[in-house]
Each structure stands twice: as structure tokens, then as C-alpha cells.
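Have a look at the structure below, then the notes.
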Amino acid sequence: MESKSYQKGFLPYALAAFLVGAVGGFGAVLGPAVVQDMNLPYNNTTWISLALAMSTAACAPILGKLGDAIGRKTTLLLGIALYGIGNAGAALAPSLPILLIFRFVVGVGAAAIAPVVMGYIITEFPKDAMARGFSLYMMISSGAVIFGPTLGSLIIGTWGWRIMLWICTGLSLATYLVCAACKETHTPPRKSLAGFDVSGGVLVLIAFSLLLCVPSFGQNIGWTSGAFALVLVGAVAAFAALTVVEKRAAKPILSGSFMMRKAFILSVAALFLTNGLMQANMTNTIVFVNYTQPENSLFSGYAISLMYLGMALGSVLIGPQGDKREPKYVLIFSLAITAVGCALMLLFSEKTPVWLLIAALGILGLGLGGNGTVFMKVVLSGLDAEAAGAGTGTYGLFRDLSAPFGVAVLVPLFTNTVASGIAAGTAPATAAVSSIRFLSLVEIACVAAGIAVVCLLPVLRKK
């Protein structure tokens, strides 16, 4: 009876996770479509990804802690509403700056949804089924994305990217209505908003948003430019102020005791080395195919869809092993799989067959789906139920920061290397092949470093 109760109560959270995954799949092909439509250089895809990533990451601990006070379902509905408003505003945006503002709003919505979904799993799922719960979450999220890039490419090719965003708005509205009609099977006690760490929340948003901007500004504007220096100085100052404020706060947004654990620090380090591979390779594959085989632009959509299928399979096949075997050994195995996917990119050429694109991204997704699930178990095991929102939000901050940080580094690395090759007189297709192979070597090195970090994780399964 208890089993049916927690599974039934998960329905609205599963639907919200499905929404974020489905719309995220459409968003995978948004950046290149927008810059093509507005006649902008390809490196502007970085800003479109960055606008979403800044709010998704930085707002997660703030909204996670807010969710502990105003309630999970209220926070969930707020996130879905913002998700819809952001997509509608982006569909109407007359220029790139306005589009970036509404993509930021979409990210705020996602930041509200993810912590309450993870918080539900931590507090309502049986302890010996936590990895299976996270696997279910990952499977729903990844499975929802599978057809997004392909369908998104078809919709954009037929009606344009604005119609695609209106479809995302409609999905958000439908999900809101269904979730609002669902009754909570268990309502956790709410906390008072008195003493809420407003100053810490503002500084978290500023500091981590600026941190994400550092590599993007350096690679796209210049490491010696005034804009880069301003962002770097601002980030350092914001982090210094955040450290002081959080030490004095009675109820800090970022819990030092939670973050200073070995399991948290090492897991975050490994995530920063490896999680950016997914989103970076999505954007880079689209741009790579556009450079080398513009007549076969749908190839990239097929490959990205299969990558998400790989993630769904990884979360189902590899993720639950974290309940049965020592998690760090499961992580080493799944990270090794991601290295194989990256290595296949060394075989890319000016006429890369679609099966090779699919194999590289599909295998990469398989490994990422597995390690994403197990990392959740490693970091969140033992988290106090009363601090579920704040804890999952803090983890969500660094998990969501790791992927866009990788994007901020790896996407410009690819696009700017291509641009440099073209400027030196190399044919665009040849420059793209050379750049993608160089990127593959960089990513393999990142995965190897990630495996070394995982080897240092503490043992969770005692003999």
C-alpha cells in the first residue's frame, strides 16, 4: 500500500520532469536555428545556451530552499508557469537580447522544478529504492527528449523556430492544468519564510551567473578584453561577498556542512569534468553537420535523439546498479563508456555517415545516463528530509552549473577553432573536421581526469 502511495504521489512530479525533458529536446536545436534566422555568427549559440544555463543553475538552491517553505506543489506549479511564460516570451522576441531574457525565465522555471522532483524522491521513496527513483527521474527526463531534436528540426524546417516555441508553451499549459488537478498524497511540513536568506540568494544568483560568463567572455570576446576583466573581477567580488554573508546567515542558502563532505566535493569535481560533454556535443554536432553536410542537416537531429535514447537506457540499465554494487565502481564503468563515445568522434570526416554520428552520441548518452543517476545517490544519500529542498537545490546548482560550464568552454573551443581555420584559408568543412577531432581528444582527457577523481570517492556499501 505504501509503495502504491509514493508512486501515485510522484505523478505530477514525473509530468513536470517530462515537460522539462520534452521542451529541452526542442531547445537542443533552437540556438543554431535562431542565429541562422537572424544572420548571426555561430558562436552566438553560446549566449542562447548561457542565458538558460545561468538561471537554471544559479536559481536552483534559492528555489529549492523556497520550496521547503511554501511547499513542494506550490513551487512545482510556479516553475511550470514560469516555463510556459518564458517560452511564450521567447517566441515573441523581436531580437536576440529579448530572446535571451526570456530564455533566462525558462531557466528559472526549470530551477524550480528539479529540486522538488529530487526532494520528493529523497523524502517519499524507500531508502533502498533511492537509486531506482533517480533512475526513473532520469529515464523520464531523457526519454522525453528522445524525439525532441528530430521533431524540433522538422518543425523548424517547416514552420520556423517561433512555432516550435509556441508548441512548447502549449505543452507547459497542459502540464500545469494536469498537475494543478492532482492531489498530494503526503504534504510535508512547511517552514517559515522568516529569516529567509535574501541577501545570500541575490549573491548566489550574481556570483554563479558571472562564473558561467567567465569562459564564454574569454573565448568569444577575448581574454584580454575589458568585458572579460569586468566579469572576472565581478565574479571574484561576488564570491567574496557571498562567503561573508553565508557565514553570518542563520539559515544560509548554501549549507556549508552539506557542501564540505568528501562525497559532494569529489562528485562535483567529476561532474565539472564530464557533464559538459552532453550539451556541448549537441550544439557542436549540429554546427559540424551544417559545415560539412548542410544538405543533410537532419542527421544531427537523429544523432541527438539517439543520444537521449542512450541516456534513458543508461539510467535504466546502469543507474539502478548503484543500489546493488559499490557506486564508485559503477561510476567508473559508466564514465569509461562516455570515453568510448568521445573517441568515436575521432573518426568523423567531411562525409560522416549518420550511423557514426548516432553511435558516437548514443554511446556517450548511455554513459552519461548511468553516471548522472549514480552521482545523485552518492551526493544525496543521508540528506535530512527537512532539508531536502535546500540540499537538492544546492546539488542541482553544481550539477546544472557543470553542464553549461562545459558548454561555455567546449562550444567556443570548437566554433572558434573552426573560425580560426577558415580565417587561415582552410576550407570550412576541413576546418570543422580538424576541430571536432581536437575536441574529441580534449574530452577524452576530461573523462580520464573524471575517472581519477571518482576513484577517490568514499565507499558507500560497507562489507
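The values are calculated or read from the model by the stated rules, or taken from the named source; none is laboratory data. Everything numeric in this text was worked out from a predicted model, so none of it was measured. For neighbour counting, all protein chains shown are included, and Cβ atoms are generated from backbone atoms with ideal geometry for every residue, glycine included.
The table that follows gives values for the structure above.
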item: The listed residue being over 25 Å from I121 (Cα atoms) and either assigned to a helix (DSSP H, G or I) or at pLDDT below 85 (or both), out of E246, E184; result: E246
item: Spans of helices (runs of 4 or more DSSP H) in the stretch 1-86 with at least 2 residues more than 20 Å from the chain's Cα centre (by Cα) and more than 16 Å from L99 (Cα to Cα); result: 2-9, 11-27, 60-70
item: Selection from the stretch 420-463 of residues that are more than 29 Å from K324 (Cα to Cα) and not hydrophobic (A, V, I, L, M, F, W, C); result: S420, G421, G425, T426, P428, T430, S434, S435, R437, S440, E443
item: Matching residues, the stretch 322-340, being more than 21 Å from K262 (Cα to Cα) and in contact (Cβ under 8 Å) with a residue 60 or more places away in the chain; result: A336, T338, A339
item: Qualifying residue in the stretch 89-98 (condition: in the same structural domain as N39 (by TED's automatic domain parsing), at pLDDT 90 or above and buried (at least 24 other Cβ atoms within 10 Å of the Cβ)); result: yes
item: Which numbered condition G301 fails, given (1) surrounded by 24 or more Cβ atoms within 10 Å (Cβ to Cβ); (2) at pLDDT 80 or above; (3) small (G, A, S); (4) within 25 Å of Y42 (Cα to Cα); result: (2)
item: Hits in the stretch 341-355 (condition: buried (at least 16 other Cβ atoms within 10 Å of the Cβ) and among the hydrophobic types (A, V, I, L, M, F, W, C)); result: C342, A343, L344, M345, F348, V354
item: Scope the stretch 279-308; condition of a type in the set (S, T, Y) and not in a helix (DSSP H, G or I); matching residues; result: S297
item: Candidate set from the stretch 414-430 (those that are under 16 Å from P32 (Cα atoms) and not hydroxyl-bearing (S, T, Y)); member that is modelled with the highest pLDDT; result: V418
item: Single residue of K324, K328, K351 found to be basic (K, R) and in contact with a helix residue (DSSP H, G or I) (Cβ under 7 Å, 6 or more places away or on another chain); result: K328
item: Unmet criterion (only one of (1) surrounded by fewer than 20 Cβ atoms within 10 Å (Cβ to Cβ); (2) closer than 21 Å to S141 by Cα) for P294; result: (2)
item: Hits in the stretch 281-290 (condition: surrounded by 20 or more Cβ atoms within 10 Å (Cβ to Cβ) and touching a Ser or Thr at 6+ places or on another chain (Cβ under 9 Å)); result: M282, T283, N284, T285, I286, V287, F288, V289
item: Output for the stretch 148-184, where each listed residue is β-branched (V, I, T) and either surrounded by fewer than 18 Cβ atoms within 10 Å (Cβ to Cβ) or more than 16 Å from L99 (Cβ to Cβ) (or both); result: T150, I155, T158, I163, I167, T175, V178
item: Members of the stretch 344-384 that are among the hydrophobic types (A, V, I, L, M, F, W, C) and not in a helix (DSSP H, G or I); result: F348, L383
item: Y83 being among the aromatic types (F, W, Y), farther than 24 Å from M164 by Cβ and crowded, with 24+ Cβ neighbours inside 10 Å; result: no
item: Qualifying residue in the stretch 216-234 (condition: within 29 Å of G369 (Cβ to Cβ) and crowded, with 24+ Cβ neighbours inside 10 Å); result: yes
item: Qualifying residue in the stretch 224-243 (condition: touching a residue at least 40 places away in the same chain (Cβ under 8 Å) and β-branched (V, I, T)); result: no
item: Tally, over the stretch 309-323, of residues that are in a helix (DSSP H, G or I) and modelled with pLDDT under 80; result: 2
